[in-house]
Amino acid sequence: MEQSYDLMQYIIKHDPNAITVLDKNLRYIYVSERFLKDYKLKEKDIIGKYHYEAFPDIPEKWRESHRRALNGEVTRSEEDCYEKADGSVEYTRWECRPWYLPNHEIGGIVLYTEVITERKQAEKQLQESRERYRQLFDNSPVVIWEEDLSQVRDHLDHLKKQYEDLEGFFTNNPNEIIYCFSKMKIVDVNDYSLEFYGAPSKSYLIEHIHQLFTERAIKNYVRILKAVADKKLYFRMEHETNTFNQGIKNVIIEIRIPEQYSETLSRVYVTTTDITKQKKTEEALRESEAKFRTLFEGQSAIQLILDPETGKIVDANSAAADFYGWSVDTLRQMNVDDLRTHPSKKTLIELRTAIEAGKAYFEFHNKRANGTFVDVEVFSSLVVIDGKRMIHNIVHDITEKKRAEREIVIAKEQALAASKAKSDFLANMSHELRTPLNAIIGFSELLHDTSLDSTQKKYADIIVNAGESLLSIINDILDFSKIEANKLELFPEKLSLTQLIEDTFNLVRFKAYERGNRLFEELSGDIPKYVVADMTRLKQILLNLMGNAVKFTEKGTVTLRVNTLSVDPANQSVSLRFCIQDTGIGIKKENREKIFEAFNQEDYSITRKFGGTGLGLAITNRLLQKMGSLLTFESEEGQGSTFCFDLTLPFENE
């Protein structure tokens, strides 16, 4: 009996599985070494210990198995899991059964437990790997086939023994090619294969694979079979294949044989990449290059092809040879810098600018073989020749154009100099004329105040009026010459706007009275007490406009309106609108464009009837431009005119 006990203990201890023997009270009697190892326990710490004390986190479903075993039932599970107290998950394979005493009573339970967590993790990783492979396989943007070529290999081995020149054999026996491919077993195809070939299903594609062969690609099929016969682990070539509904496509076929299958060829991977668009693009490019070459050689325009990296002249047409004086072969040995007069570094920078922008325009000073220089304009654009980016230059001779431009610049400078000389002359002459004229007017006024008879006083009045009229003309000419010479300056000062308007009215009041006109002023009540402006020039502007209104109105009205447009307290500025309205003769529509031109009036009849130089409005508008404004007007022939301008001026209330 003791020997049986020892033998049983030995068997349990050294069993490769985790075995636990518990008594009816679920206390440990025997445990295997595997159990101790799996659960990281020691025998001295576990024998005699209560099972649930050793494993307090055992789930209720296992406790139920223990109770059922104590009642004589056997329970088992090929895969089970439970969450441990530390949160980790353990996977096990177990069996729970009763053991019996000699009197056939249940003495306790035996637990057979195998921890399979590592196996489960390995299985999970394997499944994930398969799923990743499947995702990659099905979602790849190229055609992927998994093939079994073992039967093809066997047949090729048989043929190799009979024929030394296997390629020649297949070329002379095309039916053998079809036969070889009929032995090819397609194990799997990816989803993209259906889209690429236009197949309704994978089974349809596999069953009708023979329809994809083309007679034109017979040499390629021979090469594929030769690669398989030679057991090449990798083979690549351009090919063409038929499709079910999309015609023939150009493709690249790649065959890969995993090394472990290099002998059996039971697993071979074939990828097919569509290059139909690429081939069409290449063909279109070849046609484009041929057309370009025809245009390049046949055109009379000067053309050069340049390397954008070095500036080397790659090609030149006959027109370029005629223009520069070097032969085409000589030009092909030259650099673009040999044609130009500035450093090479600048040339390359401009070339790179052209290639980055796609196209560009330049003007250069080029030299010819005979040592002469010419001005040229160059239109650069990017072209691709034999797959390499180049700069295409079209050159035009603009020597005469540049000479004409230089002559225009010289003529303009001469005209400006002449205009300045004229303005200087007018300014000087105005000063020279005004000095004696002031003397004539002054002494005529003094003479008028002496004891003269009526006839003499009349003559004296004529002299004074004529002198003042001439002085006004000279002042206008002097102002205009200053403006043209850009010598007129503004001198802003603090002034009373109401006083300035009153002074202006006083100067035109008598003339208005003579012509039977009434004068009115309308000033808005929010006009500041003082503004900052050039008093002399602002008065001159108002006097010119009021004078014109009085001159061209008879037995009518002339009204000056000043309104506040806006006030900016932060910048202490005010925007005012000045308008002079009359009920005079108005302006014809066809003459409205020229009234602001110097020395121009509406027409010559106006000059004869009303006099004047035609400078008043021109000077007024130029003065307003200096003040940041512009004169506008509305007019109706026979009804009158309204001239307006806006000024933004600093203001003061004290």
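Structure values in brief
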quantity: Probe 1.4 Å, accessible area per residue of the chain, Å²; calculated: 58
quantity: Reach of Lys588 by Cα under 29 Å, taken over lysines that are not fewer than 8 positions away in the same chain; calculated: Lys511, Lys539, Lys551, Lys555, Lys609, Lys626
quantity: Prolate/oblate/rounded label for the range 218-316 (Cα gyration tensor, a/c 1.5); calculated: prolate
quantity: For Tyr91, residues with placed amide H under 5 Å, excluding near neighbours; calculated: Ile116, Thr117
quantity: Accessible carbon and sulfur surface of the chain relative to its total accessible area, %, 1.4 Å; calculated: 52
quantity: Cysteines, the chain, no other Cys beta-carbon under 4.7 Å; calculated: Cys81, Cys96, Cys180
quantity: Equivalent-ellipsoid semi-axes of the chain, from the Cα gyration tensor, Å, largest first; calculated: 110, 51, 23
quantity: Rounded to the nearest 20 debye, dipole of the chain from Cβ charges on Lys, Arg, Asp, Glu; calculated: 720
quantity: Taking the chain and dividing mean pair separation by its residue count, relative contact order in percent (alpha carbons under 8 Å, at least six apart); calculated: 6
quantity: Peptides 242-248, 388-394, 511-517 ordered by average Cβ neighbours within 10 Å, highest first; calculated: 388-394, 511-517, 242-248
quantity: Within straight-line cross-link reach of Lys183, lysines at Cα separation under 25 Å, skipping those fewer than 8 residues along the same chain; calculated: Lys160, Lys161, Lys202, Lys219, Lys226, Lys231, Lys232, Lys249
quantity: Normalised alpha carbon radius of gyration of the range 501-558 [divisor 2.2 N^0.38 Å]; calculated: 1.21
quantity: Phi-based couplings in Hz for the range 267-273 (Karplus 6.51, -1.76, 1.60; Gly and Pro marked x); calculated: 9, 10, 10, 10, 10, 10, 10
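The values are calculated or read from the model by the stated rules, or taken from the named source; none is laboratory data. What you are looking at is a predicted structure, and each value in this text was computed from that prediction instead of being measured. In this analysis, Cβ positions are derived from the backbone assuming ideal geometry, glycine residues included, and neighbour counts consider all displayed protein chains. What goes into the accessible areas is simple: the full protein's heavy atoms, side chains included, and nothing from ligands, DNA or RNA. Shrake-Rupley method; radii C 1.70, N 1.55, O 1.52, S 1.80 Å.
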